[in-house]
Amino acid sequence: MRAFEQFPRSGRPLMVKKFGGTSVADVERIRKVARLALESQRAGNDVVVVVSAMSGETNRLLGLAHQMLSRPDARELDVIAATGEQVSTALTSMAIQSEGGQSCSFLGHQLPLRTDSAFTRARIHQVEQERIRKALARGQIAVVAGFQGVDSDDNITTLGRGGSDTTAVALAAALGADVCEIYTDVEGVYTVDPRVCASGRKLKSIPYEEMLELASLGAKVLQVRSVEIAMKYEVPVHVRSTFSEEEGTWVVSREKTFESRVLAGLACERNQARVEISGIEHHPGRVAELMELLAQMNTSVDLLRHCREDVHASLAFTLAEEELLRARPSLEQLVERMGASRVHVSAGLAKVSLVGIGIRSDPWIAARVCRSLARHGIGVSDLAVNELRISGLVEGNHADEALRILHEAFLLAPTDAAEPSAAYAEGGLQ
Ligand code: ASP
Ligand code: MG
């Protein structure tokens, strides 16, 4: 993404405020959004509002498309999906005007917000800021449609589910905003989904890197790409609730976090499938072929392992069940070409991950993950440990319990410092 800085700043602080679907779910809530934006403007800020579609609307639109065709064309899907944000953007702008403010709405193609041509999962290349700057200079609140852009041929594109977060952060980066506020229906980023585990705690702040891991590993509060852009351009992001005044969670650089926490939280991705291909002829090109195939299909796999057994090799990886559905025909062809002796697919799994900077240096954390789960009879497989996370697969119906167990084992104490292994050593191997 290329950021522009051609326009002089007004001197007033600039806030980008993004409101998710539940925050614009009906006319009353949209009025509340308008009041929040106006309050901020009256306090002396320039304000850009980014909105999602009204809650449930994107699903409804995609549902209609799938009624028409079982596998609709991605270009046409984007044409229909982008209409959700067109409605909420216009309504939000009207709400601001009805409260006595001035505003102007902008759709992706009107800015334009340029993306590549990967329909339904496009990436932002460039954000033109001229029209927004002019609106702000006129004293207006700029209301921008989230989730949508246009490619170089002016085709409408969308940025993937949850993509309004990315619109907001990209705008904040391009405009050099002081803060990007993500207003949502939860109070911030939690150590674990509080709907699954009541003792989940809201974090005051979290470094970009850990937020990126949590988002990639299933925490839905921010779209992954939005965190990547925030990290690259050092945009301070404040995740907070539309429905309360409470301070939320700051997603900022490590130096700016105010907690010396070594473990950030737990994330869970459900509906995962594990594919194991064994008895492949051992040949360096084989894995490359498979990875190229998955990349061509824009499929991301995780927990990948490639093991050599004498002259043969085996390969196992995890991917979302719906990705498997998409990838299956091509995978089957490839597996046949590889001459594999056995392909085993298991579905209904959940990938549970513990994220934190402390994982880097503490080998006991992995041991404690396994032991804590084993004590409750939960088996974990395909364990992978890297600098910032430990992930493993559990049966889908064990996911919630696994999260509660791991939360209790690692994240319950409000200041966790570097204790996990110490506590484990004290308790001994029970
Ligand atoms: N409306 C889109 C979705 O439901 C984008 C967003 O809400 O961020 O995924
Ligand atoms: Mg969202």
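Accessible surface for His398 stands near 60 Å², nearest 10, in the context of the full protein assembly shown (1.4 Å probe).
Carbon and sulfur together cover what percent of the accessible area of the chain at a 1.4 Å probe radius? The value for the chain is 50 percent carbon and sulfur by accessible area. Structural descriptor for region 81-190: relative contact order 26 percent, calculated from alpha carbon pairs under 8 angstrom and at least 6 residues apart.
Cα extents for region 80-119 along the principal axes, largest to smallest and rounded to whole angstrom: 40, 19, 8. Roughly what angle does helix 399-410 make with the longest principal axis of the chain, taking Cα atoms, 0 to 90 degrees, to the nearest 10? Roughly 90 degrees, rounded to the nearest 10. A full extension of the chain between Met68 and Lys232 corresponds to an added length of 55.0 nm, given 0.36 nm per residue minus the alpha carbon distance.
Rounded to whole numbers, the Karplus 3J(HN,Hα) couplings from phi for region 305-311 are 9, 10, 10, 9, 10, 6, 7 Hz, using 6.51 cos²θ - 1.76 cosθ + 1.60 with θ = phi - 60°, and x at Gly and Pro. Karplus-derived 3J(HN,Hα) values for region 158-173, using 6.51 cos²θ - 1.76 cosθ + 1.60 with θ = phi - 60°, are 10, 9, x, 4, x, x, 5, 4, 5, 4, 5, 5, 5, 5, 4, 5 Hz; glycine and proline are entered as x.
The aspartates and glutamates within cross-link reach of Lys134, meaning a Cα-to-Cα straight distance under 13 Å and a gap of 8 or more places when in the same chain, are Asp46. Taking Cα atoms only, the orientation of helix 57-68 departs from the longest principal axis of the chain by about 70 degrees.
Residues whose amide H comes within less than 5 Å of that of Val144, counting only those at least five positions distant or on another chain, are Val49, Val50, Val51, Phe106 (H built at 1.01 Å from N in the peptide plane).
D for region 137-187, whole µm²/s, Stokes-Einstein with Kirkwood Rh over alpha-carbon pairs at 25 °C and 0.890 mPa s: what number?
Translational diffusion coefficient: 195 µm²/s.
Measuring nothing but alpha carbons in region 63-133 and taking Rh as the Kirkwood radius, the Rg to Rh ratio lands at 1.07. Ignoring lysines fewer than eight residues from Lys204 along the same chain, the ones with Cα atoms less than 30 angstrom from its Cα are Lys17, Lys18, Lys32, Lys220, Lys232, Lys256, Lys351.
The equivalent ellipsoid that matches the C-alpha gyration tensor of region 130-258 spans semi-axes of 26, 17, 14 angstrom, in descending order. With contacts taken as Cα pairs under 8 Å at a separation of at least 6 residues, region 285-410 carries a relative contact order of 21 percent. Here is how the number arises for the chain: DSSP H runs of 4 or more residues each give -39500 (n - 2.57), the sum is divided by the residue count, and the result at 222 nm is -11000 deg cm²/dmol.
Evaluate the charge dipole of region 1-142 about its Cα centre and quote only its size in Debye, nearest 20, assuming +1 on the Cβ of each Lys and Arg and -1 on the Cβ of each Asp and Glu.
The calculated dipole for region 1-142 is roughly 380 debye.
Determine, at each q value in 0.12 (inverse angstroms), the log₁₀ of I(q)/I(0) that the Debye formula gives when each Cα of the chain is one equal point scatterer. The calculated log intensity ratios at q = 0.12 Å⁻¹ are -1.05.
Using the Cβ-Cβ distance between Glu289 and Asn397 with R0 set to 41 Å, the FRET efficiency from 1/(1 + (r/R0)^6) comes to roughly 0.70. Its convex hull of Cα atoms gives region 10-70 a direction-averaged projected area, equal to a quarter of the hull surface, of 5.2 nm².
Summarising the overall dimensions of region 70-217 from its C-alpha atoms, the Rg and Dmax are 17.1, 50 angstrom.
Here each label is just a point 7 Å from Cα along the line to Cβ, and for Ser330 and Glu247 those points are 4.8 nm apart. Scanning residues 5 or more positions from Gly348 or on other chains, those with amide H under 5 Å from its amide H are Gln272, with H placed 1.01 Å from N in the peptide plane. Converting phi to 3J(HN,Hα) with the Karplus coefficients 6.51, -1.76 and 1.60 and the offset θ = phi - 60°, region 198-215 yields 4, 8, x, 10, 6, 7, 6, 7, 8, x, 3, 4, 5, 4, 4, 4, 4, 5 Hz in sequence order, with x at every glycine or proline.
Take every Cα pair under 8 Å whose residues are at least 6 apart in sequence, average their separation, divide by the length of the chain, and the relative contact order is 13 percent.
Compared with the rule-of-thumb size 2.2 N^0.38 Å for a compact globular protein, region 93-161 has a Cα radius of gyration ratio of 1.21. Paramagnetic label reach from Ser341 (point 7 Å along Cα→Cβ; backbone nitrogen cut-off under 12 Å): within region 266-308, residues 278-282.
Of the residues Ala81, Ala142, Thr115, the one whose Cα sits farthest toward the positive end of the charge dipole of region 56-155, with +1 on the Cβ of Lys and Arg and -1 on the Cβ of Asp and Glu, is Ala142. Here the calculated FRET efficiency for Arg375 and Asp26, from their Cβ-Cβ distance with R0 = 41 Å, stands at 0.30, rounded to the nearest 0.05.
The values are calculated or read from the model by the stated rules, or taken from the named source; none is laboratory data. Values in this document were obtained by computation on a predicted structure and should not be read as measured data. No Cβ is skipped: glycine too gets one built from the backbone with ideal geometry, and neighbour counts run over all protein chains shown. Quick note on the areas: whole protein, heavy atoms, side chains included, nothing else; ligands and nucleic acids left out. Shrake-Rupley method; radii C 1.70, N 1.55, O 1.52, S 1.80 Å.
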